[in-house]
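Scroll down for the structure; my scribbles are underneath it.
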Amino acid sequence: MENKKIAIIGAGPAGITAAYELSKRGYSVELYEASDRVGGLSKSLDLWNQRVDLGPHRFFSQDTKVNAVWLEVVGKDYKMVDRLTRIYFNKKFYYYPLKPFDALVKLGIWKGFLCGMSYFKQKIAPTRKDGSFENWVTNRFGYKLFSIFFKTYSEKLWGISCKELDEDFAAQRIKKLSLFGAIWSALFKSKGTKHKTLVDQFAYPLEGSGMVYERMQTKIEENGSKVFCSTPINKVITENGTAVALELENGERKEFDHIISSMPITRLVNNLNDTPKEVLDACAELKFRNTILVFLKVEGQDIFPDNWLYIHANDLKMGRITNFSNWVPELNRGEKSTIIALEYWAFNEDQIWNDDDEKIIDLGKEEMRATGLIGDLEITEGKVVRIPKCYPVYRMGYQEPLKKVEAHLSSIQNLSVIGRYGAFKYNNQDHSILMGLLAAENISENKNHDLWEINTDYENYQEKSTITAAGLEQKD
């Protein structure tokens, strides 16, 4: 094993977990990350004497294997966070998941009645399925609730109509959530009806989500392997259908026995040599959505109680607001100010993606004022962080070109493809960590896990558990 060299592209949760596991098992690993620090979308930053994440990145898993490695790295340096998220719509705040009586009061009796009639109409005469997100959610909740609590936010996020968005997004994210289940849970406090993404409490590292991956980096280096940040990869080099080397940005060639890639799948495929035209054409149909984060420093504390808010207002361009003071107090580091993050989403060609930072900060300040959340509190600092290619767009029909790309990449020996970017899967942290663990097992234990099968609706757990304040708790 000590003589077998493994290259890993990308130090997000998937890539760095694979590196962490393989380095523990004696492999010589070289991990290459294009940005200046590890963690990918789950990295943490030091900003204005505080600690922030790239938006709300809470960790939750029922997979014992995933939870065990998380606890192995974090130790006791975490706290349980009570989750509070709300929807901002029509200048009112609605609890999410919905609390029926709260929603009814804020919607008004008439609109609430229309939502109920729309829901029962679908139960009696469901709309014919057409494979779209709009159709899937309408069938589940009725068109009226879809239009209020799903449509605007989803179209901001994806940049396409909900009629063009594939139902896979709903199936992977909200397939077990039902209106009846939400009402039952609200009335009788039944945990059994809760969807797993709506847990009331989750474990969170004291130094932000990025702490997990920074500690993995330390362990990887202690094990004798290497992590290279600010080192983008030009391409994977193949010979006779086998991945054999990497080409660095400076043109240097480095040979390896196995390569694990979590770089954007489109970049990987377009830079491979001898890729068939039909695969390149299929790859061209796969699109990513970018994120723009606007961090604002607000001179005040306890400005609103939510961990994060979903912005469903048509008159605001932002889609989500995170309040880092409401996660763990350690992030605040004793400061008397609050850092919030506003999220905007864009394609490369969109105007906002190409605007200068000051213009985007001014937009963020204006929209934050419009919500009424901060009153007259002073905003003293602003910072823009752009994250390209962070959301794989599930446009209707995306599965067909993706399967062609998957088939081609699977035919290349000694190449594993993982992660949200790498596998074009809308993964949370836990599923990316799982991908990294299974990729490491495929190499070190000669397992044959199908990494393409791992996504947000993957639940093939051999053992179930959750992380509590006391540690790992096994479940039946």
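Quick check, is residue 54 within 30 Å of residue 319 (Cβ to Cβ) and surrounded by fewer than 23 Cβ atoms within 10 Å (Cβ to Cβ)? In short, no. Only a single item in (1) out of contact with any His (no Cβ under 9 Å at 6 or more places or on another chain); (2) in a helix (DSSP H, G or I) is not met by residue 66, and it is number (1).
Of note, residue 52 satisfies the criterion of being touching a strand residue (DSSP E or B) at 6+ places or on another chain (Cβ under 8 Å) and either more than 30 Å from residue 244 (Cβ to Cβ) or assigned to a helix (DSSP H, G or I) (or both). The residues of segment 357-415 that are in contact with a Lys or Arg (Cβ under 6 Å, 6 or more places away or on another chain) and either under 24 Å from residue 158 (Cα atoms) or of a type in the set (D, E, K, R) (or both), listed by number, are 381, 391, 393. The requirement of being without any contact (Cβ under 8 Å) to a residue 40 or more places away in the chain, surrounded by fewer than 15 Cβ atoms within 10 Å (Cβ to Cβ), assigned to a loop (DSSP other than H, G, I, E, B) and on the phi > 0 side of the Ramachandran plot is fulfilled somewhere in segment 265-276, by at least one residue.
Filtered by the rule that a residue be within 21 Å of residue 17 (Cα to Cα), in contact (Cβ under 8 Å) with a residue 24 or more places away in the chain and among the hydroxyl-bearing types (Ser, Thr, Tyr), segment 212-254 gives 213, 225, 230, 231. Pairs linking a residue in segment 120-131 that is without any contact (Cβ under 8 Å) to a residue 40 or more places away in the chain to a residue that is assigned to a loop (DSSP other than H, G, I, E, B) and of a type outside the set (Asp, Glu), with Cβ atoms under 9 Å and 6 or more positions apart or on different chains, are 120/142; 121/142; 122/142; 123/142; 130/163; 130/396.
Per-residue answers, yes or no, for (1) modelled with pLDDT under 95; (2) over 21 Å from residue 80 (Cβ atoms):
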site	(1), (2)
201	yes, no
211	no, no
225	no, yes
244	no, yes
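For segment 91-109, the criterion of a residue being of a type outside the set (Val, Ile, Thr), in contact with a Phe, Trp or Tyr (Cβ under 8 Å, 6 or more places away or on another chain) and either in a strand (DSSP E or B) or within 20 Å of residue 451 (Cβ to Cβ) (or both) is satisfied by at least one position. Between 31, 45, the distinction of being crowded, with 24+ Cβ neighbours inside 10 Å, touching a strand residue (DSSP E or B) at 6+ places or on another chain (Cβ under 7 Å) and assigned to a strand (DSSP E or B) belongs to 31 only.
The values are calculated or read from the model by the stated rules, or taken from the named source; none is laboratory data. Since the structure is predicted, the reported quantities are computational estimates derived from the model, not experimental observations. With ideal geometry, Cβ positions are generated from the backbone for all residues, glycine too; neighbour counts draw on all protein chains shown.
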